[in-house]
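Worksheet: one structure, shown below.
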Amino acid sequence: NVPYDWINKQKSNQNWLKKKGEKFLFPGGGTMFPKGVGAYVNLMQDLIPEMRDGTVRTAIDTGCGVASWGGDLLDRGILTLSLAPRDNHEAQVQFALERGIPAILGVISTQRLPFPSSSFDMAHCSRCLIPWTEFGGIYLLEVHRILRPGGFWVLSGPPINYEHRYQGWNTTIEEQRAALEKLQDLLTSMCFTVYATQDDIAVWQKSSDIGCYEKLTGPDVYPATCDDSIEQDAAWYTPLRPCVTSPRQKLKRSSVGSLPKWPQRLNIAPERISDVPGGSGNALKRDDSNWKVRAQHYKKILPAIGTDKIRNVMDMNTVYGGLAAALIDDPLWVMNVVSSYSANTLPVVFDRGLVGTYHDWCEAFSTYPRTYDLLHLDGLFAAESHRCHMKYVLLEMDRILRPEGHALIRESSYFMDAIETIAKGMRWNCHKEDTENSGEKEKILVCQKTLWYASSTNSTR
């Protein structure tokens with residue numbers, strides 16, 4: 001599914017990946033970890049003990065390469081969302097998804113990333129080439145926004161350890177010293193403090209002390225704290241803001257170290273559920289109980305769930321991440337998508353130790369073709385058919401679904417015949433199933449995308 005050989009030729013000396021026959025192998029190398037990603041992460045865990053005990057659960061890797069770092073952390077119980085643009089390295093995010101590692105196409109440029117504030121416990125940049133101190137530090141301000149109070153920002157590469165590395169970077173020691181001082185000053189102005197440094201790795205921690213942010217309210221302070229009228233979680237077509245998002249004073253248990261450790265945090269209602277209309281601890285318990293029953297039913301009508309046939313899963317319109325929570329012990333990961341037009345429940349998803357993104361299904365999703373093994377939607381057409389034409393949503397599902405992948409479409413019976421007709425036109429094989437309650441108002445359409453090739457006779461198999 002990744003036809004690009006260019007990156008293999010350009011990066012072969014860095015041990016990112018190797019091509020063997022028709023396969024790509026991933027030995028775990030990277031620009032800043034020539035001894036392998038395992039040794040790199042071991043050092044990082046020595047510097048950040050919170051990575052070992054469940055305190056750190058979610059992470060984002062900006063400029064992820066082929067996602068060696070995120071792949072290694074998955075084995076250590078840390079769920080990492082790898083992020084990179086489609087650049088001259090072609091298919092880095094596609095490589096990540098081919099490996100079964102959570103990833104999304106994205107770039108810190110002019111718009112906010114599609115995540116709420118205080119989402120990730122850790123953010124990482126390994127020579128990701130983002131000019132952190134340029135343009136008033138606006139890119140670092142965006143990382144600050146999505147990083148949880150008490151969270152860690154990890155940087156390796158220029159200008160870290162410049163005394164021993166500057167000659168390989170085609171620069172001078174004076175330039176790199178000045179770059180590090182500028183970066184340190186910028187981080188301090190954003191209420192970051194140095195947490196640990198060793199060799200090529202430097203770690204800063206985002207302060208959860210509201211007193212630090214209160215000092216950023218003067219007229220001549222830059223960057224100043226964001227005005228209260230600027231919604232911290234607004235992240236769908238929202239321009240980057242040149243200001244610091246301060247922790248919300250009413251949230252006492254949402255910082256790293258205050259949240260329950262993983263895996264306990266998955267089943268404990270986070271504080272931010274009170275921001276959701278009708279949200280409460282009891283609502284979360286009911287939702288989880290409901291999805292446990294549904295997940296067992298799904299496994300009966302689609303036995304591939306829970307096997308090595310399904311790895312990349314998308315829940316196209318989740319509420320609290322209930323399906324992902326119900327499948328947490330299966331060998332798969334779930335991209336939890338919250339509609340940009342629905343109630344903002346994505347902070348709850350992240351607080352539970354899951355990952356996801358905002359999206360509007362009237363548009364294409366930010367991923368390569370054929371990158372998900374299972375798509376699930378629950379009442380999406382009933383909720384948004386007045387905005388998004390059903391045909392175009394299904395065509396986008398076909399684009400991102402892997403051949404021989406599956407779709408579970410849980411919908412009102414009213415829409416079933418129309419959905420089935422379009423699915424047949426896309427050469428999907430579908431059949432209807434009852435829900436776990438055997439009700440008539442709602443049905444489940446179980447579909448499999450066929451593998452077919454265009455030809456003069458339009459044959460399929």
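The values are calculated or read from the model by the stated rules, or taken from the named source; none is laboratory data. Given the structure is predicted, the values throughout are model-derived calculations rather than measurements. Cβ placement follows ideal geometry from the backbone for every residue including glycine, while neighbour counts extend to all protein chains displayed. Accessible surface areas use protein heavy atoms only, side chains included; no ligands, DNA or RNA. Shrake-Rupley method; radii C 1.70, N 1.55, O 1.52, S 1.80 Å.
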Sort the range 5-215 into rounded, prolate or oblate with this rule: let a ≥ b ≥ c be the square roots of the eigenvalues of the Cα gyration tensor; rounded if a/c is under 1.5, and if a/c is not under 1.5, prolate when a/b is larger than b/c, oblate otherwise. prolate
Mean accessible surface per residue for the chain, computed with a 1.4 Å probe while every protein chain stays in place, in Å²: 44 Å²
If I fit a long axis through the Cα atoms of helix 413-425 and take the longest principal axis of the Cα atoms of the chain, what angle between them do I get, 0 to 90°, rounded to 10? 80 degrees
Can you sort His297, His164 by solvent-accessible area, 1.4 Å probe, largest first? His164, His297
Heavy-atom accessible area of the chain with neighbours in place, 1.4 angstrom probe: carbon+sulfur share in percent works out to 49 percent
Please work out how much accessible surface Cys226 shows to a 1.4 Å probe, ignoring ligands, DNA and RNA, in Å² rounded to 10. 20 Å²
Rank these by accessible area, largest first, 1.4 Å probe: Asp351, Asp434, Asp287, Asp199. Asp199, Asp434, Asp287, Asp351
Hey, in the chain, which Cys have no second cysteine's beta-carbon closer than 4.7 Å? Cys64
Expected output is a single nm value to one decimal: the length gained when fully extending between Tyr195 and Thr172, i.e. 0.36 nm times separation in residues minus the C-alpha distance. What is it? 5.6 nm
Only Cα pairs under 8 Å and at least 6 apart count here; give the relative contact order of the range 5-215 as a rounded whole percent. 15 percent
Using alpha carbon centers only, the range 421-452 is separated from the range 87-127 by a whole-angstrom value of 32 Å
Quick one: what are the phi-derived ³J(HN,Hα) couplings along the range 100-106, Karplus 6.51/-1.76/1.60 with θ = phi - 60°, whole Hz, x for glycine and proline? x, 9, x, 7, 8, 6, x
By the C-alpha gyration tensor axes a ≥ b ≥ c (rounded if a/c is under 1.5, else prolate when a/b exceeds b/c, else oblate), the shape of the range 106-195 is prolate
Relative to the first principal axis of the alpha-carbon coordinates of the chain, what is the inclination of helix 390-400, with its axis defined by its Cα atoms, in degrees from 0 to 90 and to the nearest 10? 60 degrees
Between the Cα axis of helix 173-189 and the main Cα principal axis of the chain, the angle (0 to 90°, nearest 10) is 70 degrees
Quick one: which of 212-223, 98-109 comes out on top by average Cβ neighbours within 10 Å, and what's the full order, highest first? 98-109, 212-223
Relative packing of 411-422, 441-452, 29-40, which averages over residues the other C-beta atoms within 10 Å, highest first: 29-40, 441-452, 411-422
Cross-link reach list, lysines versus Lys35, counting only Cα pairs under 22 Å and skipping chain neighbours closer than eight places: Lys9, Lys11, Lys18, Lys19, Lys20
Theoretical ellipticity at 222 nm over the chain - DSSP helices of four or more residues, -39500 (n - 2.57) apiece, nearest 500: -8000 deg cm²/dmol
